[in-house]
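One structure is given here, and the rest of the page talks about it.
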Amino acid sequence: MEPVGPLICPVLVGRDDLFALADRRLAEARRGRGELLFLAGEAGIGKSRLLGEIEGLARERAFRVLHASTFPRDREVAAGPFLDLAHAMKRDRRFGDAGDQLLERLADAASDDQDAHRRRRLLVLDVVDQLAGLAATPLLIAIEDLHWADDLSLELLAALAGRLRERPAIVVGTYRSDELYPRVPMREWRARLLTQRIAEEARLNRLSAEETGRMTRAILAFDEPVAADLVAAVHDRTDGIPLHVEELLGALPSGTTMTDQIRAADVPATLQEAILRRVAERSRAARAVAETGAVIGRSFDPERLARVMDRPPERLEVPLQELVRYFFLVPASGGQFDFRHATIRDTIYGQIPTRRRRNLHLRVARTATALGDLAPAVLSAHFEQAGESGEAYRTALAGGRAAAALSSHREAFELLGRASRHVPSGTPPSERARVFQEFGLVAMAVDEAQTARAALGTARRLYLDVGAVVEAAAVVPPLAAVSHLLGQVLDDRVELLRAGLAEVEDRTDEPARRVQGRLLAGLALAYCLDFRIEESIEYAEQGRAVAAEAGDLETELHALATLGLGRLFTRRIDDGWRTLEEAARRGSEARIESEVARAYDYIGSAAWELMEYQRAERWLRDGIDYAERVERWEWHHQMSAGLAVVMWATGRWDEAVHIAERAFADGRGGRPARITCLWAMGYVAMARGDYERARTLLRSSAQEAEVMAELLRWSPPIWGLAETALLSGRPAEAI
């Protein structure tokens, strides 16, 4: 049966205030005061529709318009939406060769330069310069679904936003507010941009019953207002979500226009069911095109579609137009087609039989290989879905190493994880070990401690199996560090480090000496964290000397930072601060991101432990900002926990709780950060007189800390519990 009328509502309902806001921002942009505007709301709420209306208004005002979309796999693709922007420029003659230039710069990101942080910063500056240079005349850049964007894309977006304030340009981005889960890159960036007033956010709410009635009337093409009971029926079934309203009414049989008919009709129970019912009504050719397009992605071009389906392009024109006519697809710039909504694409994709879906993924991957135009992350994902492990391994490994070279650690984590799942059976053990080692290191960088320990442990076993003792020993320091994050006690970590040292202590070649330095630095840190300062200083001095002799600056700075802590805790205060600041300065000059982040954390943490809160806040805030830029999330969460303590100690309790809750939610693998977050929140609850909540939080912190058996971790929650018991009238418990 045919739908009752046009599936897309012919008018924009309930968004007058947001459209007026966009109108004002476009006018300001024309006067040279651009900005970054977010449109936020849950799936199906109408963000894409509103964005389309804003684009139309911009064109009426003589703006050039560029549109890019972000897709689920783009979290694994460095600068995915900016690649889409570059292709959009290539399809628009008004931008000349700007698209080719942007593609060339993005493709040139992974050079042989070993300085990943410097390379990334130069890339950001160059890309932003290119885009800002396009804004000599009014320009609108629209980017959809930023909740799927990778960190590099968001860094580019933030840098570009800073350049808009003096240009006739505006960037409008959409994202799903219900998908900003902990550790989704957009979550951190959104909070930062809004707090610093770099961006503005407009939220789309669900439609009221009255607005649902107006939308229903427009879709059903009624001349008179819709009856209240019919409006209530539609509103009850859709919760006022515009996409649900359209799909519900579109799934009804023709002639179903009365309230009792809607209530009595076989109405789909879910949005997905409504979509599938409409799909089933289409021709066989249209269904095949829809399924193939859903495997390709949310957006595709007819040429690629024809190659994947092995059909002449002219045979696809009719089914494509059928899907457009019934609002599954919408035409896009450059002859592209987009699914009208990601939910439609995902629903169609989910119902494809497994065997057919795997075959389609393989055809998509082979077509992309022939065309040579897909990022390794997307290509490897298609090979993985197709069950082609060998190709999935090859493409994921290449892409993961390129991402790591750009400090895109989240992307590298996803890709190297895929590579580790698909290592071919005939791969030499040493190569297999290297893959797991690389995966473990990037897992540490994104605070996936459990995953990191498993991967590094596998790498060490594989190296030892083939007698690669130096390589096996090199895995020990990061393995001991991540084991510490997960609560392994000092004696076990020391035993592991000493075992690694024994494996290489008789070697005098440079690779072995470098590993010796790292193991000594690891022992220095292990003893320092247990407050055995004299032993820590002794190992730090040895590790520093060995590393300097071997030319290993990273390890030398690691040992130097630990030495600085040792000097502080032996009351050589000025000497300790100088040593730590030297480690930070030299690490920054050499752009060794892990050691810069370590120095920031050590200075900030030591400062709040010594109650120098002004120093602590300055270094921790700078360190959090740095760790976020280089995606060193293990340090980011640790320093955020420390900053929460500083906020408590200086009376900013609301901010303390906010920072601690976010760091606790976002940090999966770091037990030290969780311990600190819990007792910081517990101290605030105690200070506010909420003794029951304080007791709950502090007990959780103490239980976590007891596993680690470290004085500096365990004593704060224990003191908090004693103080809480005393304040709540239980002196015996306090004692």
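The values are calculated or read from the model by the stated rules, or taken from the named source; none is laboratory data. This is a predicted model, so every value here is computed, not measured. All Cβ positions, even for glycine, are placed from backbone atoms using ideal geometry, and neighbour counts span all protein chains on display. In case anyone asks, the SASA skips ligands and DNA or RNA and just uses the protein heavy atoms, side chains included. Shrake-Rupley method; radii C 1.70, N 1.55, O 1.52, S 1.80 Å.
Projected area of region 294-365, taken from the Cα convex hull and averaged over every viewing direction, in nm²?
Projected area, direction-averaged: 4.7 nm².
Of the residues Trp619, Leu102, Ala88, the one whose Cα sits farthest toward the positive end of the charge dipole of the chain, with +1 on the Cβ of Lys and Arg and -1 on the Cβ of Asp and Glu, is Ala88. Once the 1.4 Å probe is applied to the protein heavy atoms, the chain comes out at 41 Å² accessible per residue.
Scalar couplings 3J(HN,Hα) for region 574-579, obtained by applying the Karplus form with A = 6.51, B = -1.76, C = 1.60 to θ = phi - 60°, are 4, 5, x, 4, 4, 5 Hz; x denotes Gly and Pro. Between Ala722 and Gln196, the FRET efficiency estimated from the beta carbon spacing at R0 = 35 angstrom works out to 0.30.
Could you work out the relative contact order of the chain, using alpha carbon pairs under 8 angstrom and six or more residues apart, expressed as a whole percent?
Relative contact order comes out at 9 percent.
Taking other residues whose beta carbon is less than 10 angstrom from the beta carbon of Thr395, and scoring Lys, Arg as +1 and Asp, Glu as -1, yields -1.
Based on alpha-carbon atoms, the Kirkwood radius and the radius of gyration of region 423-508 give Rg/Rh equal to 0.98.
Beta bridges per DSSP, both residues in the chain: antiparallel share near 20 percent. Leu712 sits among other residues whose Cβ lies under 14 Å from its own Cβ, and their net charge, with Lys and Arg +1 and Asp and Glu -1, is -3. Per-residue 3J(HN,Hα) values for region 428-433, derived from phi via the Karplus relation 6.51 cos²θ - 1.76 cosθ + 1.60 with θ = phi - 60°, read x, x, 5, 5, 4, 4 Hz in sequence order (x marks Gly and Pro). Residues whose amide H lies under 5 Å from that of Arg91, counting only those 5 or more places away or on a different chain, are absent; hydrogens are built 1.01 Å from N in the peptide plane. Show the residues, 5+ positions off or on another chain, whose built amide H is closer than 5 Å to the amide H of Ala332. Long-range HN contacts for Ala332: Phe337, Asp338. For the pair region 419-483 / region 320-397, the C-alpha centres are spaced 32 Å from each other.
Of the solvent-accessible surface of the chain, computed with a 1.4 Å probe and all protein chains present, 49% belongs to carbon and sulfur. Along the chain, the exposed loop sites are trypsin sites (Lys or Arg not before Pro) outside DSSP states H, G, I, E and B with at most 11 other Cβ atoms within 10 Å, and the longest stretch free of them is 198-570.
The long axis of helix 80-90 is offset from the longest Cα principal axis of the chain by roughly 50 degrees.
Neighbours of Pro353, meaning other residues whose beta-carbon lies under 13 angstrom from its beta-carbon, give a summed charge of +4 when Lys and Arg score +1 and Asp and Glu score -1. When the charge dipole of region 314-425 is built from unit charges on Cβ atoms (+1 for Lys and Arg, -1 for Asp and Glu) and taken about the Cα centre, the candidate among Ser420, Ser407, Ala377 whose Cα reaches farthest toward its positive end is Ser420. Database remark: amide H of Glu201 closer than 5 angstrom to the amide H of Phe38 (H placed geometrically; neighbours at sequence offset of 5 or more, or on other chains; Pro and chain starts carry no H). On a 0 to 90° scale, report how tilted helix 151-163 is relative to the longest principal axis of the chain, with both axes built from alpha carbons and the result rounded to the nearest 10. Roughly 80 degrees between the two axes.
Which whole-angstrom value gives the distance between the alpha carbon centres of region 521-600 and region 41-64? If we compute the Cα centre of each part, the gap is 53 Å. Note on the chain: Kirkwood hydrodynamic radius from all Cα pairs is 28.4 Å, rounded to one decimal. Phi angles across region 517-522 convert, under the Karplus curve 6.51 cos²θ - 1.76 cosθ + 1.60 with θ = phi - 60°, into 3J(HN,Hα) values of x, 5, 5, 5, 5, x Hz, Gly and Pro given as x.
Can you give the calculated 222 nm mean residue ellipticity of the chain, where each DSSP H run of n ≥ 4 adds -39,500 (n - 2.57) and the sum is split over every residue, rounded to the nearest 500 deg cm²/dmol?
Numbers: 36 runs with 499 residues, N = 735.
The helix contribution divided over the chain gives -22000 deg cm²/dmol.
Placing unit charges on the Cβ atoms only, positive for Lys and Arg and negative for Asp and Glu, gives region 473-623 a dipole magnitude near 360 debye about its Cα centre.
Basic side chains Lys and Arg get +1 at the Cβ, acidic Asp and Glu get -1 at the Cβ, and with that the dipole of region 350-453 about its Cα centre reaches some 440 debye.
The angle between the Cα long axis of helix 354-371 and the main principal axis of the chain comes to about 80°, on a 0 to 90 degree scale.
Identify the GluC sites (Glu not before Pro) of region 452-519 meeting these criteria: DSSP loop state and at most 16 other C-beta atoms within 10 Å of the C-beta. Here the GluC sites (Glu not before Pro) that fit, given the DSSP loop and packing criteria, are Glu505. Counting only Cβ charges, +1 for Lys and Arg and -1 for Asp and Glu, the dipole size of the chain around its Cα centre is about 1220 debye. Of the residues Phe328, Tyr600, Met639, the one whose Cα sits farthest toward the positive end of the charge dipole of the chain, with +1 on the Cβ of Lys and Arg and -1 on the Cβ of Asp and Glu, is Phe328.
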